[in-house]
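Enquirer: Have a look at this one before I ask anything.
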Amino acid sequence: MLYSKKEKLDLYLNEFMQLEKKLNSNLSNTLTLNFNKHRGHIVFAGLIHGNETGSLPAIIKCINKLLQKELSFGGKVSFLLGNIEAAKKDLRYVESDLNRSFGESYKGKLTLERKRAVELMPLLKSADVFIDFHQTIMPSLKPFYIFEMNHDSYHWARAVGGASTLVTRKKGAPFSQAGMCSDEYVRSLQKIGITLELGEQGFSDSAETLAFSVLKRALKCIDKVFSSGISIEKLSRKNNDFEFLTISHREPFDSPKKCLNAGFSNFHKLTKNMIVGADERQNPLESPKDGYILFPKYPKRNSTGEASMPLPGEIFVIAEPTLEHPLNWLKA
Ligand SMILES: [Zn+2]
């Protein structure tokens, strides 16, 4: 039988709720399994953005396999579904972006999402390692990790594998006024926080397969680090190093008429002066440099070609290879 996207989501959410009930979870849309052989605790998140549902089938498969002892694991593992309300409405968020709502110094409104972030923060605080599954709006030529450069988080991502590209950046200002991303919040607590973009948003076999393999390998890594005392750096060096990219240009979405030519996927190659779209006066919009396009935006437009408000901050960004190994950024 073929299910619609909505029916699929309901089936998976329902199954998660049943499992949650069975395991007496005390925090809604989360569940924890503790095998008590070592003290390592890993937390996985899906649906931090509601319409990025691709990891959900793998999360449920992983829980079932752990319960049925088909997957062996000795530590503590938690799974959290970030924004169920948005997922049910097929939206990224309902009132504000959950992934900008974490942290103690949040200054925004007390939205649904901020309330959820506050609810989730104690669980994140208790994590040694946190892996957040996301998906991009448009298709992607490959999956990728994306997070601010950090020694241990980098080695964890490389050890866990699943993507050969890391889009990274130098450490920013320590105390931002805006709310934090979930992984950023965990890193601010000196723990491991990494984000993996699985590909285009929604259910797909490729997202499920990739997320499941990452779940399995991350559990193995936690076991090795916490019960055998093997360093994550040693595990990481068994895998090839990443291709490192950093975002070097952000094209502002500063006019509702500004638009991109159809058909850009994440990682399509851009060359300097290549025409990529049209500006607010419908003159050609050129790429300012060579690189790879990321996060191309194609919002709904009205009959006169104006994108619906509010406009996203940027219509696309350009990532290019880093000039040096980003570990060098960490040397003072
Ligand atoms: Zn996301």
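Enquirer: Taking the alpha-carbon distance from residue 300 and a cut-off under 23 Å, which lysines remain once sequence neighbours fewer than 8 residues away in the same chain are dropped?
Expert: Cα-Cα hits under 23 Å: 5, 6, 88, 89, 257, 258.
Enquirer: Something else now. Apply the Karplus parameterisation 6.51 cos²θ - 1.76 cosθ + 1.60, with θ equal to phi minus 60°, to every residue of the stretch 156-166 and state each ³J(HN,Hα) to the nearest whole Hz, in sequence, with x for glycine and proline.
Expert: 5, 4, 5, 5, 6, x, x, 8, 9, 10, 10
Enquirer: Mind ordering 270-282, 122-134 by average Cβ neighbours within 10 Å, highest first?
Expert: Packing order, densest peptide first, comes out as 122-134, 270-282.
Enquirer: If one takes the longest principal axis of the Cα atoms in the chain, at what angle in degrees, from 0 to 90 and to the nearest 10, does the Cα axis of helix 5-22 lie?
Expert: The two axes meet at around 30 degrees.
Enquirer: In whole Hz, with x marking every Gly and Pro, tabulate ³J(HN,Hα) for the stretch 220-227 from phi via Karplus 6.51 cos²θ - 1.76 cosθ + 1.60, θ = phi - 60°.
Expert: 3J(HN,Hα) across the stretch 220-227, in whole Hz: 4, 4, 4, 4, 5, 5, 8, 10.
Enquirer: Ok, one more. State the Cα centre-to-centre distance between the stretch 243-300 and the stretch 109-160 in whole Å.
Expert: 26
Enquirer: Follow-up question, since we're still on this one. Quick one: ranking 93, 12 by accessible area, 1.4 Å probe, largest first, what do you get?
Expert: On the way: 93 85, 12 55 Å².
Output order, biggest surface exposure first: 93, 12.
Enquirer: Summing -39500 (n - 2.57) over the DSSP H runs of n ≥ 4 in the chain and dividing by its residue number, what mean residue ellipticity at 222 nm do you reach, to the nearest 500 deg cm²/dmol?
Expert: Only helices count here, giving -8500 deg cm²/dmol.
Enquirer: Work through the residues other than residue 64 whose Cβ is under 15 Å from its Cβ and net out their charges, Lys, Arg +1 and Asp, Glu -1.
Expert: On the way: positive: 21, 22, 61, 65, 69, 216; negative: 15, 20, 70, 208.
Spelling it out: positives minus negatives among the neighbours equals +2.
Enquirer: Taking Cα atoms, how many degrees apart are the long axis of helix 56-67 and the longest axis of the chain, rounded to 10 and kept between 0 and 90?
Expert: Tilt of helix 56-67: around 10 degrees.
Enquirer: What residues have an amide H closer than 5 Å to that of residue 257, excluding those fewer than 5 places away on the same chain, when H is modeled at 1.01 Å from N in the peptide plane?
Expert: 307
Enquirer: Can you grab the distance from the C-alpha centre of the stretch 194-219 to the C-alpha centre of the stretch 40-78, Å, no decimals?
Expert: What the calculation gives is 11 Å, centre to centre.
Enquirer: Starting from the Kirkwood Rh over alpha-carbon pairs, what translational D in µm² s⁻¹ does the chain have by Stokes-Einstein at 25 °C and 0.890 mPa s? Don't jump to the answer; show the numbers that get you there.
Expert: On the way: Rh = 20.8 Å.
For these conditions, the coefficient is 118 µm²/s.
Enquirer: Compute the signed sum of charges (Lys and Arg +1, Asp and Glu -1) over the other residues within less than 10 Å, Cβ to Cβ, of residue 308.
Expert: Cβ neighbours under 10 Å give a net charge of +1.
Enquirer: For residue 314, what residues show an amide H to amide H distance below 5 Å, using hydrogens built from the backbone and excluding near sequence neighbours?
Expert: Here 253 satisfy the definition.
Enquirer: Hey, what did the chain get for relative contact order, percent, Cα under 8 Å, at least 6 apart?
Expert: It comes to 17 percent, rounded to a whole number.
Enquirer: Check cross-link reach from residue 69 to the lysines: straight Cα distance under 23 Å, and skip same-chain residues fewer than eight apart.
Expert: Straight-line reach from residue 69, under 23 Å: 21, 22, 37, 61, 216, 220, 224.
Enquirer: Normalising by the residue count of the stretch 249-327, find the relative contact order in percent from Cα pairs under 8 Å and 6+ residues apart.
Expert: This gives 37 percent for the stretch 249-327.
Enquirer: What list of ³J(HN,Hα) couplings, whole Hz, do you get for the stretch 277-286 from phi and the Karplus terms 6.51, -1.76, 1.60, once you set θ to phi - 60° and write x for glycine and proline?
Expert: x, 9, 8, 5, 9, 6, 7, x, 9, 9
Enquirer: A follow-up question, please. Return the long-range amide H neighbours of residue 243 (sequence gap of 5 or more, or a different chain), with a cut-off of under 5 Å between placed amide H atoms.
Expert: Result for residue 243 returns 165, 166.
Enquirer: Give me the one-decimal nm value for the distance between modelled label points at residue 302 and residue 28, 7 Å along each residue's Cα-to-Cβ direction.
Expert: 3.6
Enquirer: What dipole magnitude, in Debye to the nearest 20, does the stretch 222-297 give about its Cα centre under +1 on Lys/Arg Cβ and -1 on Asp/Glu Cβ?
Expert: My answer is approximately 100 debye.
The values are calculated or read from the model by the stated rules, or taken from the named source; none is laboratory data. Not measured: the values here are computed from a predicted model. Don't worry about glycine lacking a Cβ; one is built from the backbone with ideal geometry, like all the others, and counts go over all protein chains shown. Side chains are part of the model used for accessible areas, which takes the heavy atoms of the whole protein and leaves out ligands, DNA and RNA. Shrake-Rupley method; radii C 1.70, N 1.55, O 1.52, S 1.80 Å.
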